[in-house]
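Participant: One structure, as structure tokens, below. Some questions next.
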Amino acid sequence: MASCAAKGGCPTDYIAIAVSILSFTVLLLWSIIPFIVHKVPRTKGSGFWIPVIQVVASFILLLSLVISNNYLKLGDRHWWRSCYLWGVWGEGPLGFGLLFSCRITQASQLYFIFVKRRLPLIRSYIFLPLILLPWIAGAAVIHWMKPLSSRCHMRAQWTIPVISLHSLYIAILVGVTTAVHHIEFRFDELKDLWRGILVSAVSIAVWVTAYTLNEIYDDISWLQVASRFMLLVVASILVVAFFSISSSQPLLSQISLRRRETLEFRTMSQALGIPDSGVLAQSEPILRIDPNEPLDKLLLNKKFRQSFMAFADSCLAGESVHFFDEVYELSKIPEDDCVRRIYMARHIIQKYIVAGAAMEVNISHRSKQEILSTSNLAHPNLFQNALNEIIQLMRTNLARDYWSSMFFLKFQEDSNVRSNEYELEHMTGWNFSPRLSSVHGADDPFQQDHLLKSSGCSSDTTVL
């Protein structure tokens, strides 16, 4: 026990490493399952790369703990096992610091979007390095002063500043979370923030305790082994509990986290509970198509919109119709329901408006900047100018070809069939059904005989 306590390689060390490998595997699967199993298209921007940075930072943190704290019996230290490389830079800016900076960035995005009702003023790829700067500066000072012992432990006078830096970032995260706690989020954003705060606070407490025990009672072998075991196990729990995609991709978080639920949300409108979204209503009106009618009026009918969308998709120009469809779904949300309107507006912006979006629409620079710089994401006319441009684009590039396409002919055929069925079902005084006799009740001898037997009447006949 005494030998492995100093040089590493105790059974508990290998158990802790196995736990860390398992936790990172879970984290990795958690982050890639939506893209592999559900074939979710990869988004561009912070919604994709912030979770990726979280996964990378988690790996660096766990690996740094293993190497700097002698979990493996590797013999003499070489330059690649330097305490300052792994114990300072790996566990600090590139590990714990990067994880915290990602969560603060996500929390600040929620604050601007749902409290200020506008997109963040500073881009995420600028904001994240700014948040990380104190960690980088602290690591540089420690590397320059070289206060670490041969076991990669800091001296007592350096412990308080390091703990204060960790506590400062927890306090910042608590402050931002408190600022958004009154928002009635539709997904798991707030729960994920509080969970990250709780787990990180516990992790710091365990780290301080383990450091204190190792420094004060360095002659007690079992205490060193036990504290080292707890340190890596708690860090393994931290990287899984700290990971979150609900803040940047709420719809994707529902797909990846609720695998056991029978209901899977395919669109944001369905996830937000917008009425008649994703399915055709049974009472959808029968529309007689007149090509001379305005296209925007015809697109209000869901059956026609789906037919027109299928045609546009076949021409590889479906993003305009999809944009119209989602803006129409947004219009169904009441104006006083700001949270759901903001969810839907942010989804539309990320999917159709931002540069490099998955289905970026062709609108003018003026309309795009008008949307991206808005001071109210819940404004009812946020996308109106862009929508006018899109309708004009569809009228010019798609409508004329649609009227002569097989998609329109099939739509007309389906509309005629539905119209005939509707008329037959509403013929008064007749009992029509494809599986029953269409003979009028008074002239049907089988029905008459049945009624006489069941009612006990001998002369009167009931007409259905």
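The values are calculated or read from the model by the stated rules, or taken from the named source; none is laboratory data. Every value quoted in this text rests on a predicted model; they were computed, and no experiment measured them. Here the Cβ is made from the backbone with ideal geometry for all residues, glycine too, and neighbour counts use every protein chain on show. Note: areas computed on protein heavy atoms with side chains; ligands, DNA, RNA excluded. Shrake-Rupley method; radii C 1.70, N 1.55, O 1.52, S 1.80 Å.
Participant: If R0 is 60 Å, what FRET efficiency do you get for Lys297 and Val208 from their C-beta distance, rounded to 0.05?
Facilitator: Working: r = 67 Å, r/R0 = 1.11.
Rounded to the nearest 0.05, the efficiency is 0.35.
Participant: With θ taken as phi - 60° and the coefficients 6.51, -1.76 and 1.60, list the Karplus ³J(HN,Hα) couplings across segment 227-242 in order, rounded to whole Hz; mark glycine and proline as x.
Facilitator: Running phi through 6.51 cos²θ - 1.76 cosθ + 1.60 with θ = phi - 60° gives 5, 5, 5, 5, 4, 6, 5, 5, 5, 5, 5, 4, 5, 7, 6, 7 Hz.
Participant: Pulled fully out, how much extra length does the chain show between Ser373 and Lys332, if you take 0.36 nm times their separation in residues and subtract their Cα-Cα distance? Intermediate results must be reported in sequence, preceding the final value.
Facilitator: Values: separation 41, 0.36 × 41 = 14.76 nm, distance 2.35 nm.
Extra length from Ser373 to Lys332 when fully extended: 12.4 nm.
Participant: Follow-up. Could you work out how much longer the chain between Asn416 and Tyr84 gets when fully extended? Use 0.36 nm per residue separation minus the Cα distance between them, nm to one decimal. Please report the intermediate quantities before stating the final value.
Facilitator: Working: separation 332, 0.36 × 332 = 119.52 nm, distance 7.66 nm.
Answer, rounded to one decimal: 111.9 nm.
Participant: For segment 157-244, with every protein chain kept in place, what is the accessible area per residue (1.4 Å probe, Å²)? All intermediate terms of the calculation are to be shown ahead of the outcome.
Facilitator: Working: 4030 Å² over 88 residues.
Per residue, segment 157-244 has 46 Å² of solvent-accessible surface.
Participant: For segment 117-159, what is the convex hull volume of its Cα atoms per residue in Å³?
Facilitator: It is 108 Å³ per residue.
Participant: So, one more: Given R₀ = 25 Å, what would the calculated FRET efficiency be for Trp403 paired with Ala358, taking r from the Cβ atoms and rounding to 0.05?
Facilitator: Working: r = 29 Å, r/R0 = 1.16.
After rounding, the FRET efficiency stands at 0.30.
Participant: To continue, here is another question. Tabulate in residue order the Karplus-calculated ³J(HN,Hα) for segment 141-154, using 6.51 cos²θ - 1.76 cosθ + 1.60 with θ = phi - 60°, rounded to whole Hz; enter x for Gly and Pro.
Facilitator: Those phi angles translate into 5, 5, 5, 6, 7, 6, x, 7, 7, 5, 9, 6, 9, 7 Hz.
Participant: Taking a threshold of 29 Å on the Cα-Cα distance, which of the pairs Lys191/Lys368; Lys302/Lys368; Lys73/Lys191; Lys116/Lys351; Lys116/Lys302; Lys116/Lys297 fall above it?
Facilitator: Working: Lys191/Lys368 33 Å; Lys302/Lys368 27 Å; Lys73/Lys191 40 Å; Lys116/Lys351 21 Å; Lys116/Lys302 34 Å; Lys116/Lys297 34 Å.
Over 29 Å apart, Cα to Cα: Lys191/Lys368; Lys73/Lys191; Lys116/Lys302; Lys116/Lys297.
Participant: For Arg155 and Ile122 in the same chain, what is the full-extension length gain: residue separation times 0.36 nm, less their Cα-Cα distance, in nm?
Facilitator: On the way: separation 33, 0.36 × 33 = 11.88 nm, distance 3.82 nm.
That pair, Arg155 and Ile122, stretches by 8.1 nm at full extension.
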